[in-house]
Amino acid sequence: MTRKAPADDFDDTGMRVSEPKTWAAGVPGVTAALRQSYDQMGVRRTALTLLRVNQKQGFDCPGCAWPEGDHRHVAEFCENGAKAVAEEATTRRVTREFFAAHTVDELAGRSDHWLGQQGRLTEPMLKRAGSAHYEPVSWDEAIGLLAAELKALDSPDEAVFYTSGRTSNEAAFAYQLFARAFGTNNLPDCSNMCHESSGSALGETIGVGKGSVLLEDLYRADLIFVVGQNPGTNHPRMLSALERAKKGGARIVAVNPLPEAGLMRFKNPQRPSGVTGHGTALADRFLQIRLNGDLALFQALNRMLLESDAPGALDREFLDAHTHGFEAFERHVRGLDWDDVLEATGLTRGEIAATLGDVLASERIVVCWAMGLTQHRNSVPTIREVVNFLLLRGNIGRPGAGVCPVRGHSNVQGDRTMGIYEKPKPEFLDALAAEFAFDPPREHGLDTVDAIRAMRDGKATVFLGMGGNFVRATPDSDVTERALRSCRLTAQVSTKLNRSHAVTGELALILPTLGRTERDEQASGPQFVSVEDSMGMVHASRGRLAPASEHLLSEVAIVCRLARATLGGSGIAWDAMERDYDVIRDHVSRVVPGFADYNARVREPGGFTLPHAPRDERRFPTATGKANLTVNELEVLRVPEGRLLLQTVRSHDQYNTTIYGLDDRYRGVKAGRRVVFVNPEDLAGLGIADGATVDLVSEWTDGVERRAPAFRAVAYPTARGCAAAYFPETNVLVPLDSTAEVSNTPTSKSVIIRLVPA
Ligand SMILES: Nc1nc2c(c(=O)[nH]1)N[C@H]1C(S)=C(S)[C@@H](COP(=O)(O)OP(=O)(O)OC[C@H]3O[C@@H](n4cnc5c(=O)[nH]c(N)nc54)[C@H](O)[C@@H]3O)O[C@H]1N2
Ligand SMILES: Nc1nc2c(c(=O)[nH]1)N[C@H]1C(S)=C(S)[C@@H](COP(=O)(O)OP(=O)(O)OC[C@H]3O[C@@H](n4cnc5c(=O)[nH]c(N)nc54)[C@H](O)[C@@H]3O)O[C@H]1N2
Ligand SMILES: [Mo]
């Protein structure tokens, strides 16, 4: 049972490193995307497919969750959306001959890049106990086997039902219903590793765990903070929105340890001037903060607001009418220690004071953030402090202002709305109980980290993944892989081959499914699905391509068949749901608030917007009935002498664990991924030459040495004391027990490491 390390493209002999870029998108973006699309799909299929991305009669881009504006250009896709589409619409295929030619162990020795490049999965495959290979099975046998293993468990809580964020609303609703009808709330999802901290902090403070702005709010803002986010790579369409906001007079403050190209300057590939001109400068102010310094920054701004004698520095009327906890908050923040702030942020007092100037000059403020805020030990307190900051000037619940957590996966927010959650609210379970006449389990289930612990400890033995790449996306790769290998059965509903198919339980199943781009025909005729974007807008998605293989089933069909095989005549009409997704949407309309008339409204062009009490009515459905100002202790994360704080990030050529290519164009890296970016002065201080080969060794209180070997040290303009390297190669360094308070999210953006010359 020893772990075979993935190859991770160790062969970096061709790697080249040059100066990072200072602007994003534009022509190289489009040509890079088209080149990859042609490689994967050919020219004709590329044209036919990309023209449908995000069109009203087309499919939702499987890239990110950034919303589409009401004004859609034909071919409004971004470079990385095009890559996501090409990855799915590829004409390459993984066949039964492929599995006959490669043992499972051999696949476990391949890199993520290689695995992803093999193409689409085409038929159900089974790895039997003791067998070295996957072999083809019929759908009936595959589903029968999974059902039999589930039924054989002593308790439903010995099963884990994971979801990644591409699953449609319809499939997600059916899936959580199945898990609960089976008897467990073990519904971990990728959110647990992603925006869980945002949901936790927002739920507690404003009463709704989602963002409070729409695109129009961004356009109307005076000041936009983009904190801990790299939109040039991960949400390229957001750059158009920021550009438009700037045209309308907004200023932008970027807060990041890295001077990300997309934050600095943008050339819009959708406009001719974007091709030749200098583009738009985006950030008016760049705060090169130290990793984990954001709580200190926002608390310092809050202290200065409290102390300011500028007229209207605080929105007293709003604070009196709509918030709770002001006195305790004020007392605490007035005691903030400036030395701590300067140490934690690495910024000067002048930089913070100048930022306060931006704030005081702005009527309407939006704060956007992503993984740079959510994957630290103190992420929840940090986001609560951001909320404090906005509340002080009444910046929640009015046009042009609010919180904007920018979601990752294209339907991660919708999956949560549909009930993919290990800690469901009692009201949600009550509604399920009333609609389907059964008693859903009330005890909270396992989140991602707890699910790994349960599998490691033999308490959970059947794992089903609805999309995603669980072994590769999760922290502490060695521990996680052992946990999965100790399962009785691991089963993955997937479009593409990945490492989770190669690191398996005693038995393993691959259940190949349709992607967003493909036609979905059921007994009642063609179906569409629906998704919710990062701003709570729900719309339909219709695939047009012929399925990658005639043997694929939709996610909905797989869930309904599995439910029937496992639960028998449970009184839930799984057949009807599989036949016609309208039936699922009818159920949703009676169970999930905001979805009344779902079937009618989702058919309207552009779909509909879910209600959001703070945004729509300045109503805060919290425990106190008001927006809660909170007290958040600043603990400066001090890194021992000779160590660095490492963040694990995405390159420009990957989608989470899917590696499109080996370049990171904006950061100046070509043909290799094993790089660690370090401030040149830190490198000099450590006595390590730019370009030297080092091992990354993570240090954690459990004394276990976690090592990621053979990285090239690259002198890079990141904040002092900080480093950055790509995940998933560095997941091995993130200790399973190092998680955020409250949200239990792995601390993928603050890992203490030392560099050991190889
Ligand atoms: N092309 C592409 N698009 C994607 C994805 C992808 O992999 N590829 N992934 C999708 C998913 S699931 C998600 S969640 C999003 C992720 O979107 P991002 O959050 O943009 O992704 P990361 O690469 O993790 O980048 C984190 C950013 O935060 C900064 N940062 C790190 N730590 C800190 C900190 O302590 N403070 C501050 N202020 N900044 C910090 C980093 O320097 C970096 O710019 O993108 C989604 N879109
Ligand atoms: N160190 C570190 N770790 C991280 C992060 C980090 O920043 N640093 N980020 C975390 C974040 S934000 C996230 S969201 C997670 C991502 O975790 P996951 O969502 O689990 O991982 P992905 O790489 O997005 O999953 C890719 C796989 O999904 C499958 N897939 C693609 N489309 C579909 C579809 O339509 N249906 C189905 N059924 N399957 C499909 C394909 O087989 C593909 O191989 O990773 C987390 N892990
Ligand atoms: Mo994510």
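The values are calculated or read from the model by the stated rules, or taken from the named source; none is laboratory data. Just so you know, these numbers come straight off a predicted model, no measurement behind them. Neighbour counts run over all protein chains shown; Cβ positions are idealised from the backbone, glycine included. Quick note on the areas: whole protein, heavy atoms, side chains included, nothing else; ligands and nucleic acids left out. Shrake-Rupley method; radii C 1.70, N 1.55, O 1.52, S 1.80 Å.
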From the phi angles alone, apply the Karplus equation (6.51, -1.76, 1.60; θ = phi - 60°) to segment 525-540 and give each ³J(HN,Hα) in whole Hz, x where the residue is Gly or Pro.
x, x, 10, 10, 10, 9, 9, 10, 8, 5, 10, x, 9, 10, 8, 7
Two pseudo-spin positions, 7 Å from Cα along C-beta at ASP105 and at GLU216, lie apart in nanometres by 6.2 nm
Of all the accessible heavy-atom surface of segment 685-758, with the other protein chains kept in place and a 1.4 Å probe, what percent is carbon and sulfur?
53 percent
About the Cα centre of segment 466-559, what is the dipole size in debye to 20, counting +1 per Lys and Arg Cβ and -1 per Asp and Glu Cβ, all else neutral?
160 debye
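Compute, for segment 369-477, the length of the dipole vector about the Cα centre, with Cβ point charges of +1 (Lys, Arg) and -1 (Asp, Glu) only. Units Debye, rounded to 20. Walk me through the intermediate numbers first.
Working: 13 positive and 12 negative charges, 105 e Å.
Dipole magnitude for segment 369-477 comes out near 500 debye.
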Taking a ≥ b ≥ c as the square roots of the Cα gyration tensor eigenvalues, with a/c under 1.5 meaning rounded and otherwise prolate when a/b beats b/c or oblate if not, segment 119-177 comes out oblate
Using 1/(1 + (r/R0)^6) with R0 = 51 angstrom and r between the beta carbons of ARG128 and ARG603, what's the FRET efficiency to the nearest 0.05?
0.65
Sorted by chain and then number, the residues having a modelled amide H within less than 5 Å of the amide H of SER111, at least 5 places away or on another chain, are ALA7, ASP8, ASP9
Simple spin-label estimate for HIS551/GLU427, 7 Å along Cα→Cβ, in nm, reads 4.6 nm
Taking a label point 7 Å from the Cα of GLU443 along the Cα→Cβ vector, which residues of segment 151-186 have an amide N closer than 13 Å to it?
154-159, 183-186
How many percent of the alpha carbon pairs in segment 462-553 exceed a separation of 19 Å?
52 percent
One would report the antiparallel percent of DSSP beta bridges in the chain, rounded to the nearest 5, as 45 percent
Using a ≥ b ≥ c from the Cα gyration tensor of the chain (square roots of the eigenvalues), is it rounded, prolate or oblate, where a/c under 1.5 gives rounded and otherwise the larger of a/b and b/c decides, a/b for prolate?
rounded
Of the accessible area of segment 153-193, with the probe set at 1.4 angstrom, what percent is carbon plus sulfur?
41 percent
With +1 assigned to the C-beta of every Lys and Arg and -1 to the C-beta of every Asp and Glu, and no other charges, what is the dipole magnitude of segment 660-719 about the Cα centre in debye, to the nearest 20?
380 debye
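Give me the 1.4 Å probe accessible area per residue for segment 83-145, excluding ligands and nucleic acids, in Å².
Numbers: 2260 Å² over 63 residues.
For segment 83-145, the solvent-accessible area averages 36 Å² per residue.
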With 0.36 nm assigned to each residue of separation and the Cα-Cα distance removed, THR95 to SER486 gains 138.0 nm
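Report the calculated FRET efficiency for ASP702 and GLU363 (r = Cβ-Cβ distance, R0 = 60 Å), to the nearest 0.05. Let's see the in-between values first.
Details: r = 49 Å, r/R0 = 0.82.
The formula returns an efficiency of 0.75 here.
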Could you tell me which of the pairs LYS210/LYS670; LYS21/LYS83; LYS246/LYS425; LYS151/LYS749; LYS247/LYS496; LYS496/LYS749 are separated by over 29 angstrom between their Cα atoms in the structure shown?
LYS210/LYS670; LYS246/LYS425; LYS151/LYS749; LYS247/LYS496
In nm, give the distance between the simple-model label positions of ARG331 and ARG519, each being 7 Å from the Cα along the Cα-to-Cβ direction.
6.8 nm
Among PRO67, HIS409, LEU314, which residue has its Cα furthest toward the positive end of the charge dipole of the chain, with +1 on Lys/Arg Cβ and -1 on Asp/Glu Cβ?
PRO67
Keeping all protein chains in place, calculate the accessible area per residue for segment 194-346 (probe 1.4 angstrom), answer in Å².
35 Å²
Kindly identify segment 94-205 as rounded, prolate or oblate by the Cα gyration tensor criterion: order the square roots of the eigenvalues as a ≥ b ≥ c, call it rounded if a/c is under 1.5, otherwise compare a/b with b/c, prolate if a/b is larger, else oblate.
oblate
To the nearest Å², the heavy-atom accessible area per residue of segment 557-651 with 1.4 Å probe amounts to 44 Å²
antiparallel share of DSSP beta bridges within segment 605-758, to nearest 5, in %, is 70 percent
